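This report concerns only the one structure given below.
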Amino acid sequence: MCCEKRKSACAMKTITEKIRQDAAHLTSQEEETLRRAGSIIRAGGLVAFPTETVYGLGGDALNRESSRKIYAAKGRPSDNPLIVHISRFADMERIVSEIPEEAVRIAEAFWPGPLTMILPKSELVPTETTGGLDTVAVRMPAGASVRKLIEYGGGYLAAPSANLSGRPSPTTAEAVREDMDGRIDMILDGGKVGIGLESTIVDLTARTPQILRPGYVTAEMLERVLGKVDTDVTILADDSGQAPKAPGMKYRHYAPRGELTLVAGEPERVAAYINRQTAEDGAGGERTGVIATQELLGKCRADVAECLGRRCDEEDIARNLYAALRRMDEEKVTKIYAESFSASGFGTAIMNRLLKAAGHRVVKV
Ligand code: AMP
Ligand code: MG
């Protein structure tokens, strides 16, 4: 029990409730859970919940205190803006100062879904939510439960990924608990998420729409709807000398605690390189790990091995990536080697996260 004097030092109690992400009919218990979660958010509290991309940490986007709490719970730098989640397209009107025709078209094509758009913000959105910017990021997530939560929570949920800043995003409720237990009011446990990487971010305030963060919705998919789309050069390069346009992309992100190196090349040569390195590292007292697809992993030796799935299945690779990075931390691995992937289509998003997790440490063999 907390005595009055020690109260501030005591962690808050985080409750966990089960929820199905996308059930056609919610049970009365699920309805009740979502209503309760919604009241917590309306009262200024924080609730973590599953979306189709990763778990989000939600608070009332129109309440500056809630946004402050989100930054504090995550240890997130306050210049890294939050994405506002809505449940109906019409709700966008109140939080943006204009809705360009491109926004309507991509919403029709990709919402609800893993796409975030950047638009000029309205007065209603506090600058705490937008990290001081005069633009706002908006997304309508897929999944019946999450949209109901948004509705019950007041219509506008600021929700970054539910991890401590700098750590890999959570793709299960257990991963959320690892980072957020005692820091937030509630976790909705909906099991493993479907996509496993954060949403694609497209900036519609630029003359030509520009992708600031790659995700499941690829440049090719956007171009089919919008015509020409640019991509922020910093997504894959670290030598452009430019700052990323999405403030959050400048931070070392998605990173395990051990030193991660990506190894690119022919599979036989990659395996040979990894085995030489892990033998040498092991002899030097390091604990070694390998993250690779099934085909390569069988050829590699390390203390800890994490399989991403089959090489031909990019969706599986994406879904398993963050859990593999987190497992390396759990196993206290100090030197990690990961397979490299082709940076096209959805592979661009996989490589963007891997490169950031590795601090752009890539060896070509
Ligand atoms: P997270 O919610 O953790 O997936 O991170 C949200 C990402 O969206 C970060 O990289 C932010 O920098 C980016 N973002 C949010 N709002 C804006 C905005 N108004 N302009 C540019 N990037 C944004
Ligand atoms: Mg994040």
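Expressed as an acute angle from 0 to 90° and rounded to the nearest 10, what is the orientation of the C-alpha long axis of helix 28-42 relative to the principal long axis of the chain? Approximately 80 degrees, to the nearest ten. Where the centre of each part is set by its Cα atoms, how far does region 107-176 sit from region 276-350, in angstrom? Rounded to whole Å, the Cα centres lie 29 Å apart. With each label modelled as a point 7 angstrom along the Cα→C-beta vector, the Thr205-Val362 pair spans 3.0 nm.
Working from Cα pairs under 8 Å separated by at least six residues, relative contact order for region 220-322 is 14 percent.
In this label model, Glu31 and Glu223 are separated by 4.8 nm, measuring between points 7 Å along each Cα→Cβ vector. Tell me which trypsin sites (Lys or Arg not before Pro) from region 116-225 have a DSSP coil assignment and no more than 13 other beta carbons within 10 Å of their own. Hits after loop and neighbour filter: Arg207. Length gained on full extension, Glu174 to Glu331: 55.0 nm, using 0.36 nm per residue less the C-alpha separation. Taking GluC sites (Glu not before Pro) in DSSP loop states with no more than 11 other Cβ atoms inside 10 Å as exposed sites, the chain has its longest site-free stretch at 124-365. Mind scanning Lys121/Lys332; Lys18/Lys250; Lys299/Lys356; Lys228/Lys250; Lys148/Lys192; Lys69/Lys121 and naming the pairs with a C-alpha gap bigger than 31 Å? From the list (Lys121/Lys332; Lys18/Lys250; Lys299/Lys356; Lys228/Lys250; Lys148/Lys192; Lys69/Lys121), the Cα-Cα distance tops 31 Å for Lys121/Lys332; Lys18/Lys250. Net charge dipole, the chain: roughly 840 debye, given to the nearest 20, about the Cα centre with Cβ charges of +1 for Lys and Arg and -1 for Asp and Glu. Extension gain, Leu236 to Glu123, is 37.2 nm, computed as 0.36 nm per intervening residue step minus the present C-alpha separation. Summing Lys and Arg as +1 and Asp and Glu as -1 over all other residues whose Cβ lies under 14 Å from the Cβ of Pro214 gives a net charge of -3.
For Leu133 and Glu101, the FRET efficiency from 1/(1 + (r/R0)^6), where r spans their Cβ atoms and R0 equals 25 Å, is about 0.65.
Which residue, Ala318, Ala246, Ala173, tops the fluctuation ranking in a GNM of the chain built on C-alpha contacts under 10 Å? Its mean-square fluctuation being the largest, the pick is Ala246. The magnitude of the dipole of region 72-223, with charges of +1 and -1 set on the Cβ of Lys/Arg and Asp/Glu and taken from the Cα centre, is near 260 debye. Farthest toward the positive end of the dipole of the chain, out of Gly282, Phe110, His85, is the Cα of Gly282, where the dipole comes from beta carbon charges about the Cα centre.
All of the numbers you see were taken from the coordinates with simple rules; none came from a lab. Because the structure is a prediction, the values reported are computed rather than measured. In this analysis, Cβ positions are derived from the backbone assuming ideal geometry, glycine residues included, and neighbour counts consider all displayed protein chains.
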